[in-house]
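Below is one structure; the comments refer to it alone.
The values are calculated or read from the model by the stated rules, or taken from the named source; none is laboratory data. What you are looking at is a predicted structure, and each value in this text was computed from that prediction instead of being measured. Neighbour counts are summed over all protein chains in view; Cβ atoms, including those assigned to glycine, are modelled from backbone coordinates with ideal geometry.
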Amino acid sequence: MSSERDAPARDPQQRRILTVLVAAQVLSGAGLAAGITVGALLAQEMLGGTALAGLPTALFTVGSAVAAAAVGRISDTGGRRRGLTVGYTVGAVGALGVVLAAVLGSPALLFAAFVLYGSGTATNLQARYAGADAAAPQRRASAVSTVLLATTLGGVLGPNLTAISGAAVAPWGVPALAGPFLLAALAYGAAAVVLGLMLRPDPLLLARERAAAATVSVVAATVDGPAVAAPEPAQARSAAPSVVVGAVVMTVTQLVMVAIMTMTPVHLTAHGHGVGIAGMVIAVHVAAMFLPSPITGRLVDRFGPLRMAAASGGTLLFAGLLAAIAPADSVPLLTIALALLGLGWNIGLVSGTAILAAVPLDVRARTQGKVDVAIALSGAGAGLASGLVVSAAGYSTLALAGGVAALVIVPAVAAAPLRRRRAARAATDQPAV
């Protein structure tokens with residue numbers, strides 16, 4: 001007899017959903033990598049200094065914050081297919097705007113385009129929730145990890161295509177550093193087409209249909225006895241502490257990762273390394289952000305998201321310390337540090353997402369969108385501050401501060417069980433309606 005755990009893996013609808021999401025994430029991964037690899041370098045080239053080199057990262061993370069809320073609301077009312085398709089389409093428009101700004105030499109247009117470009121980043125991350133919508137509770141983290149893993153191929157290829165895409169657009173009079181954004185426009189556009197045409201059934205709507213059918217079955221089974229209404233508001237109240245913990249975990253990991261990652265290409269090129277070397281280091285970093293996902297998902301499903309979230313804090317601390325002490329001419333040490341940075345982010349994201357995947361269905365997409373707004377805003381602040389910190393105190397100071405900041409995750413996770421018990425008692429004490 002097959003085990004209950006194996007049954008969801010054979011669910012044909014969930015399997016189709018994951019297949020389509022994987023295809024879209026492979027495409028969109030290349031678009032995501034463009035801003036990470038050359039965004040700061042393009043701003044440095046156009047503005048003539050490093051003080052505002054982190055501004056593009058800040059702007060596209062601000063854009064991703066706005067997009068996260070919008071995609072969450074659209075998904076809440078119209079399903080994941082509609083929300084993700086709109087998000088990737090706006091991201092593609094923003095990427096084309098970056099290319100046009102580089103051709104015209106317009107910093108104002110560049111900054112405005114980066115805001116729109118951030119929609120692709122937000123949508124890429126929102127897709128992980130879609131993978132978990134229709135998954136069985138004991139396999140949610142594994143479903144999330146499958147979607148994240150799919151980003152790896154495009155995310156690793158994208159930075160390594162920096163030089164090639166730059167050379168490809170040169171005959172058209174486009175600056176070399178704008179080449180990856182043309183690739184991003186094509187990638188995000190293709191992802192929008194795949195999702196718009198093929199994400200059927202819609203995972204969120206399917207999950208709601210299944211929940212409604214289960215409720216009808218329960219009512220039918222108890223028709224001869226006293227019927228008890230599901231206390232949905234109480235469930236939402238008891239889930240609130242988990243939402244806070246998941247938000248803290250993912251917000252802190254995003255802040256630390258973005259701050260150190262953004263200035264690493266600037267740090268490398270400032271010490272004589274070429275754009276190709278910077279692209280290689282970021283490629284390893286992006287691979288570490290997504291490639292370990294299957295293992296991370298299994299560990300989260302097995303040991304629980306709280307324990308794994310604490311592990312992400314320790315990993316990020318070690319990454320920051322290593323980046324801080326690595327000599328500027330030591331590409332191998334910086335590569336290892338950026339790989340650990342990506343791994344810590346991955347563990348934090350998968351564990352935090354697994355926490356939020358249990359939010360009640362009627363408010364799930366909207367709540368997840370709001371949390372992703374906080375994640376994006378933390379990344380925006382980190383991206384903006386990173387250039388200022390490096391300009392004033394150096395890259396090592398930035399890396400050390402980021403690693404220490406990651407320790408905030410540990411007390412937040414340690415206090416989670418107490419918050420949950422208090423919320424459960426409060427929900428139980430509410431009078432029946």
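Suppose we keep only residues that are over 21 Å from the mean Cα position of the chain (by Cα) and part of a loop (DSSP other than H, G, I, E, B) within the stretch 180-205. Which one would you say is farthest from residue 96 (Cα to Cα)?
For the stretch 180-205, the residue satisfying everything is 201.
Tell me, please, whether a residue that is surrounded by 22 or more Cβ atoms within 10 Å (Cβ to Cβ) and either under 19 Å from residue 407 (Cα atoms) or not polar (S, T, N, Q) (or both) can be found in the stretch 328-335. Can you show your working first?
Filtering the stretch 328-335 down to residues surrounded by 22 or more Cβ atoms within 10 Å (Cβ to Cβ) leaves 334.
Filter once more, so that each one left must be either under 19 Å from residue 407 (Cα atoms) or not polar (S, T, N, Q) (or both): 334.
The answer is yes, given that some residue of the stretch 328-335 is surrounded by 22 or more Cβ atoms within 10 Å (Cβ to Cβ) and either under 19 Å from residue 407 (Cα atoms) or not polar (S, T, N, Q) (or both).
Scan the stretch 263-301 residue by residue and report those that are surrounded by fewer than 18 Cβ atoms within 10 Å (Cβ to Cβ) and either of a type in the set (Gly, Ala, Ser) or within 24 Å of residue 384 (Cα to Cα) (or both). Before the answer, list the steps.
Initial filter on the stretch 263-301 (surrounded by fewer than 18 Cβ atoms within 10 Å (Cβ to Cβ)): 269-272, 274, 276-277, 294-295, 298.
Correct list: 269, 270, 271, 272, 274, 276, 277.
Within the stretch 360-386, which residues are among the hydrophobic types (A, V, I, L, M, F, W, C) and either under 16 Å from residue 69 (Cα atoms) or without any contact (Cβ under 8 Å) to a residue 60 or more places away in the chain (or both)? Quick ask: steps written out before the conclusion?
Filtering the stretch 360-386 for residues among the hydrophobic types (A, V, I, L, M, F, W, C) gives 361, 363, 365, 371, 373-377, 380, 382, 384-385.
Listed by number, the residues that qualify are 363, 365, 371, 373, 374, 375, 376, 377, 380.
Out of the stretch 305-335, which residues are touching a residue at least 40 places away in the same chain (Cβ under 8 Å), among the aliphatic types (A, V, I, L, M) and outside any helix (DSSP H, G or I)?
328
Under 8 Å by Cβ, and 6 or more places apart or on different chains, what pairs join a residue from the stretch 104-126 that is β-branched (Val, Ile, Thr) and surrounded by fewer than 24 Cβ atoms within 10 Å (Cβ to Cβ) with one that is modelled with pLDDT under 90 and outside any helix (DSSP H, G or I)?
none
Only one of these conditions is not met by residue 318: (1) buried (at least 24 other Cβ atoms within 10 Å of the Cβ); (2) over 17 Å from the mean Cα position of the chain (by Cα); (3) not hydroxyl-bearing (Ser, Thr, Tyr). Which number is it?
Tallying (1) buried (at least 24 other Cβ atoms within 10 Å of the Cβ); (2) over 17 Å from the mean Cα position of the chain (by Cα); (3) not hydroxyl-bearing (Ser, Thr, Tyr), residue 318 fails exactly one: (1).
Residue 286 fails exactly one of the following numbered conditions: (1) over 14 Å from the mean Cα position of the chain (by Cα); (2) at pLDDT below 90; (3) of a type in the set (A, V, I, L, M). What is the number of that condition?
Among (1) over 14 Å from the mean Cα position of the chain (by Cα); (2) at pLDDT below 90; (3) of a type in the set (A, V, I, L, M), the lone unmet condition for residue 286 is (1).
Out of 15, 5, I need the residue that is modelled with pLDDT of 90 or more and surrounded by fewer than 17 Cβ atoms within 10 Å (Cβ to Cβ). Which one? It would help to see each step written out before you state the result.
Numbers: 5 fails: modelled with pLDDT of 90 or more.
Every option except 15 fails the conditions.
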